[in-house]
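Novice: Sharing a structure, written as structure tokens. Questions coming.
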Amino acid sequence: MGRKLPPLNSLRAFEAAARLGSFSLAADELCVTHGAISRHVQQLEVWLGRPLFERYNRRVALTEAGSGYLAEIGASFDRIALATSQQMQRGQQKVLRVSAPATFSLRWLVPRLSSFQFVNPTIEVRLLTSNEPIEKLRVDIDILIRGGPQNIDGYVAEEFLSEVRLPVCSPKILEGKTLKEPSDLVNFTLLHAATYPSMWPNWLAEAGHGDLRPRQSLTLEHFYLTLRGALDGLGVAMGPTALVADDIAEGRLVRPFEGPALPPWRYFTYVADSRVEDRAVQAFRDWLRSTGGAAALAGE
């Protein structure tokens, strides 16, 4: 059986008049005449078989039945308005697909992403963590974040962040030990990333200790695991300055040496020529450039 509903125009007229306490104000809100509101309300009263308003010379007042009816249908109108607004917002939502390396995503991008979402509520960022080159990705990507610069045919590259890489460790592993010179690393565990096997050898060579043998070496599969290990006191890791800046600032990690630093690593966005003018792409690239610039000023 179908729902037994009164005329919807009559419901709208009654709800507006009851909520505003005036047929005239209801007419203004619904862009109809005072007479139209009165006729619709009368039609609803006939349909229900009871009066909803008490009418005076210059005003109206709800009857007991009218007050009870408003309490029920007013909430329904509110839910309809909310559902409609949500659907309209979803219709305007723009999905932006971003591919970025896992360590960068976990330690730099995601912790800052809320500031982009706050000023761009209609852009939904869908983040894919990957180090794969663009030609090997199996999903459609709007913005690719990788190191660089790289020349990718059909793509526009733009730098937004750079960093150097230095040893970092938890201050708790320094208790009762000295770590003031690179040579002191012989008494510590060095944390290596399987994805960047040459990082420690390159740094030790720069420091003039290419033949140094640490107390122990521990190799972990991913770069972010070495940073997690450093935070947990497993040993000393190579720390990208941008990705460990928050931990340094809050004292969870320390940099025992001021140098040497491995050459700067630069992060770029790569966008297909056909998408450079897309507003969501432009907004995200502008935000990355601004946020990366602020990080540089802060010494990250």
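Every number here is computed from the coordinates shown, using simple stated rules; none is lab data. None of the values given here were measured: they were computed from a predicted structure. Glycine also receives a Cβ, built like all others from the backbone with ideal geometry; neighbour counts cover every protein chain displayed.
Novice: What do you get for Rg/Rh of the stretch 1-145 when both radii come from the Cα atoms and Rh is the Kirkwood radius?
Specialist: Rg divided by Rh gives 1.32.
Novice: Give me the net charge of Glu45's neighbourhood, meaning all other residues with Cβ under 13 Å from the Cβ of Glu45; Lys, Arg count +1, Asp, Glu -1.
Specialist: +2
Novice: Right, next: Quick check on the exposure proxy: order Asp278, Asp153 from fewest to most C-beta atoms within 10 angstrom.
Specialist: Ranking Asp278, Asp153 by Cβ neighbours within 10 Å, fewest first, gives Asp153, Asp278.
Novice: Counting other beta carbons within 10 Å of each Cβ, put Ile141, Ile80 in order, fewest first.
Specialist: If I rank by nearby Cβ atoms, fewest first, I get Ile80, Ile141.
Novice: With a cut-off of 13 Å, note down the residues of the stretch 24-58 whose backbone N falls inside the zone around a label point 7 Å from the Cα of Thr84 toward its beta carbon.
Specialist: Of the residues in the stretch 24-58, 30-31 have backbone N under 13 Å from the label point off Thr84.
Novice: If neighbour count is taken as other Cβ atoms inside 10 Å, put Phe188, Phe77 in order from fewest to most.
Specialist: Fewest-to-most ranking of Phe188, Phe77: Phe77, Phe188.
Novice: May I have the convex hull volume per residue, in Å³, for the Cα set of the chain?
Specialist: Per residue, the Cα convex hull of the chain comes to 239 Å³.
Novice: Right, another one. If every alpha-carbon in the stretch 1-40 counts as one equal scatterer, what log10 I(q)/I(0) does Debye give at q = 0.18, 0.22 1/Å?
Specialist: Reported log10 I(q)/I(0), two decimals: -0.43, -0.58.
Novice: Please give the charge dipole size of the chain, origin at the Cα centre, charges +1 on K and R Cβ atoms and -1 on D and E Cβ atoms. Round to the nearest 20 debye.
Specialist: For this selection, approximately 1020 debye.
Novice: List the trypsin sites (Lys or Arg not before Pro) within the stretch 210-268 that DSSP assigns to loop and that have no more than 12 neighbouring Cβ atoms inside 10 Å.
Specialist: Arg215
Novice: Could you give me the percent of Cα pairs per 10 Å distance bin for the stretch 8-92, shortest bin first, beginning at zero and ending with the bin that holds the maximum distance?
Specialist: Pair shares across the bins are 18, 48, 25, 9, 1.
Novice: Kirkwood hydrodynamic radius, the stretch 57-215, all distinct C-alpha pairs: what's the number in Å?
Specialist: 22.1
Novice: Next question, about the same structure. Report the calculated FRET efficiency for Val95 and Glu181 (r = Cβ-Cβ distance, R0 = 35 Å), to the nearest 0.05.
Specialist: It comes to 0.10.
Novice: Go through Thr33, Thr226, Phe188 and say which Cα lies farthest out towards the positive end of the charge dipole of the chain; charges sit on Cβ, +1 for Lys and Arg, -1 for Asp and Glu.
Specialist: Thr33
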